[in-house]
1. Does A:V111 qualify as being at pLDDT 85 or above and outside any strand (DSSP E or B)?
2. Hey, can you tell me all the residues within segment B:92-108 that are modelled with pLDDT under 85 and more than 21 Å from the chain's Cα centre (by Cα)?
3. So is B:V195 over 30 Å from B:V64 (Cβ atoms) and β-branched (V, I, T) or not?
4. Do we have any residue at all in segment A:484-496 that's closer than 30 Å to B:N96 by Cβ and under 34 Å from the mean Cα position of the chain (by Cα)?
5. Could you tell me whether any residue of segment B:159-182 is in contact with a helix residue (DSSP H, G or I) (Cβ under 7 Å, 6 or more places away or on another chain), assigned by TED's automatic domain parsing to the domain that holds B:I74 and at positive phi?
6. Restricting to segment A:114-151, what's the tally of residues that are in a loop (DSSP other than H, G, I, E, B), within 21 Å of the chain's Cα centre (by Cα) and under 24 Å from A:V93 (Cβ atoms)?
7. Is it the case that B:T249 is of a type outside the set (A, V, I, L, M), closer than 29 Å to A:I566 by Cβ and buried (at least 18 other Cβ atoms within 10 Å of the Cβ)?
8. Looking at the structure I just gave you, is A:D568 at pLDDT 80 or above and among the charged types (D, E, K, R)?
Amino acid sequence: MNTISVGDKAASSRLNHWVDPSFTDFPGESFSLSGRRKGSQVLGSKAEPKRPQKRKGEAGRSNPHTLSYLLRESAQRDQDEPWVDRYSPRSQVELAVHKKKIEEVENWIRVHTNTSEGNILLLTGPSGCGKTATVQVLAQELGLRVQEWANPTNLEPYSSSQHEWRMNSFSFSSQLAQFQDFLLKTNKYNCLKMVGDGGPTDRKLILVEDFPNQFYRQPGSLHDILRRFVKTSRCPLVFIVSDSLSGDSSSRVLFPREIQEELDISNISFNPVAPTTMMKVLTRISTLEAGKSCGKMCVSDQAVLATLCLGSSGDIRSAINSLQFSSLPDTSLEKGLWRMKERPVTSLGKAVSRMNQRKKSKQTKEPEDEQAIGGKDASLFLFRALGKILHCKRRNHEGAEAAECASGPGLPSHLFQHHRETLLVDPELVVERSHMSAEFFNLYLHQNYVDFLSEVEDVERASEYLSDADLLTADWTSRSTMGDYGSSVATRGLLHSNSRQVSVGFRPLHKPNWLLVNKKHREKCLAAQFLFRSFCLTPVSLQTELLPYLAKLTHPMRNQAQIAFIQDVGQMLQRRFSARLKLEALTDKEPGQLETDTEEEKEKEEGQGAAEEGLLGSQPQPTTNQVLLEEEDLIIEEYTSD
Amino acid sequence: MSLWLDKYRPTSLGKLDYHKEQATQLKNLVQCGDFPHLLVYGPSGAGKKTRIMCLLRELYGAGVEKLRIEHQTIVAPSKKKIEINTIASNYHLEVNPSDAGNQDRVVIQELIKTVAQSQQIQSSTQREFKVVLLTEVDRLTKDAQHALRRTMEKYMGTCRLILCSTSTSKVIGPIRSRCLAIRVPLPSTEEVCNVLTSVCKKEGLLLPPELAKQISEKSGRNLRKALLMCEACRVQQYPFSADQDVPVTDWEVYLRETANAIVSQQSPQRLLEVRARLYELLTHCIPPDVIMKGLVTELLSNCDGQLKTEVAHMAAYYEHRLQLGSKAIYHLEAFTAKFMAIYKKFMEDGLDAMMF
């Protein structure tokens, strides 16, 4: 215990100074705050000034006995406070999360606080969907202390004097050790009872949002710690991991499925905040603010809120931030006020028309034209992006006729077979939002497109477009430029080929086989050359002639590896119309995980000859670098070529 | 025990079984003392390498048969290590530069340089030059071929190149003009039969002429394949019977079944099955272009005359793309889909014609 607290106490006291010294005036108040803050105080690893401030604002609004405190605060400071903190939810009702989800989490917490063994909950979801808020609110309502781990910001210069270094040496233990320590201690010891501490809240909940970096490099070390934790612990542990769209989804790295199963980790996945819920929250905040500012601040009207809501793509934190920013009173100039008043009006008109349009055609791309302030880049999970292309949504007929009248005469009769209704998606945008390289997106499309087409003719056209797309990106020198065109050809080609437009219902999507097959092909070719180099054959004749026949001969092989290889490669199971290769289903929200192959391929294409490395990794190394063809050649082994 | 293929490989120009006239010419070439760079080309299994080894033996004597396999590491200017296997004797060095992929240029330059810079020890009793044998020249990148042209001229004094490839079409003009081109055609069916019979006689086996003929036909006059087939026949059944089945490789059977699957039904579902089979072939080390070729041959045999031109045209189109593109499966599948569409249309038209 001492090891950490001595080192960190300094830091914590310093931090507290950073945060706000005003707390010293109100010890009672500071202790009536949630136990989480205290936990962090005791452990001294609390670094964010944001949270306490939030609590303070909240307390100021809710507790009457802190009014005097509030009065002392300057109005300026109050204004600076982010609304996100000021209006952070305090009860389940205020949470912008679906009731079912809250219930789910609540049930979990209820069940697992009462048992005396350690359990782990993993909350995932996009950023700003209220994961942390849910845990905080529930913990408060259930009377749990939240003890949160934050990465120690121990940045004492290493080169300080010898003495100091000795003094602080214990705090130089690795983050990993500190994390382990933290889990152990929060588990074992209760917080000190403080005066004014309300109620016997010795039940607690450990929250980890911030992972020591080491875990990303070696997830195994986290797993070891967790295994130990599960065996010894008495209180629930909650991990919060934000989903990311890029390949390195941390929840997958840190908590692979095997570990989740092994340690019985429950996983609750949050969805982005629904627009209606978000509208409610935004409206509430803006009315409250408007009331408070006594007309100084203009009330943001519904249309503006709607734009904000659309632009934030389900991230409530960013939506509230944008709201605050957009309603900032511009007091510097008189004109500014005018502008402020005018702006919403114009955007109101636009937004209203947009809303109407949206209702009519359900087009999804409008909010792009004018991104709301601080709008978030909209993004799509791969699963959805693929679905958008493969399912091929087009405008239905009534709308189409109107569009046709507008766009003049249709196609001439001999080209009429190429007529298609207007698309409801913008393929380029979909690819862009999937955050995937065009090449891999095409691979995913290729793996899955056949299921969505019913006619051979359609399949033929689609496959031709895919072939075209590959041809466009074939040359690696121009690939960066051509990639976009390639994906454009592929996606639009697929959409166009889907002429029947029958709704196929749900079809599972799969990960592309090609990368694996290609890798295997390369590896095996190299292995073949390596193992059978004494035959001095070119690869093609080796693979298509010698190996298959060797499988049929009783030719004594020199070593085990060769025998195994021949059995593997030379023989093929003569299954009639074999079932599909083992397909790996692509699940919702899964990032395209293709990193290793990508690198390898790129390396190869850039002429780095990565293949050789693959061989050496996967094949038994030759013990000597000279293998003799014939026994009688032993004599000349000593020969060197120079 | 080694394969018949290696056991009965002729070792001198005089012992070659066919194209004897060419063998004598080569012998004369060697006896003249010096010879130019050679470009030996011809289809696979025609005996190019055998002929080259015979030539080398004629040049240097039996010492050239003492081969060793070396694993060489070459450091490219970009500090990238390239590992490559070479087969060498005291007098020559054999290397397949295309093993190094895109770095083949470096391999060619470095290897030839090291070989060419070292003189023969006793130039009085031996030839003044060493020989570098490059196989699969047609798979070299353009870069490497240009580098080769320069190297050829530079080290003419100490080193001769023998280039070996299946076709000259992918060898750039400047190289072709610097070499004496020697074409090694496939042996005729009778020649293959003769070789098979003589090999079997040496093994102490009796090969019925009918079976020999059947093997030589099935092998497509590829002598390597014929000998392997013959040996497989021996494993399968001995004494030979005249009408016994000649074993065919598993992948060929698999490919034939795939073609049958395409012909028997044309639907998206079937295409998925075919795709899985193509993947299966690829994982068994069958190169995409071989798959394409085999598939077309099988499909054509199922086609009606007027369809054949169209199918062949498409095959050529997609084969070309296969060479240019980076992901073979797109093109293989596009070809399959195209064939399905054409074939289906053809069958439907035919059915309509029958009705009326």
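The values are calculated or read from the model by the stated rules, or taken from the named source; none is laboratory data. Computed from a predicted model, the values in this text were never measured in an experiment. A quick note on method: Cβ atoms are made from the backbone with ideal geometry, for glycine too, and the neighbour counts reach across all protein chains shown.
1. So A:V111 does not fit the description; no.
2. B:Q103 - this is the single residue of segment B:92-108 that is modelled with pLDDT under 85 and more than 21 Å from the chain's Cα centre (by Cα).
3. In short, no.
4. Within segment A:484-496, not a single residue is closer than 30 Å to B:N96 by Cβ and under 34 Å from the mean Cα position of the chain (by Cα).
5. Looking through segment B:159-182, none of the residues is in contact with a helix residue (DSSP H, G or I) (Cβ under 7 Å, 6 or more places away or on another chain), assigned by TED's automatic domain parsing to the domain that holds B:I74 and at positive phi.
6. 5
7. For B:T249, the condition - of a type outside the set (A, V, I, L, M), closer than 29 Å to A:I566 by Cβ and buried (at least 18 other Cβ atoms within 10 Å of the Cβ) - is met.
8. So A:D568 does not fit the description; no.
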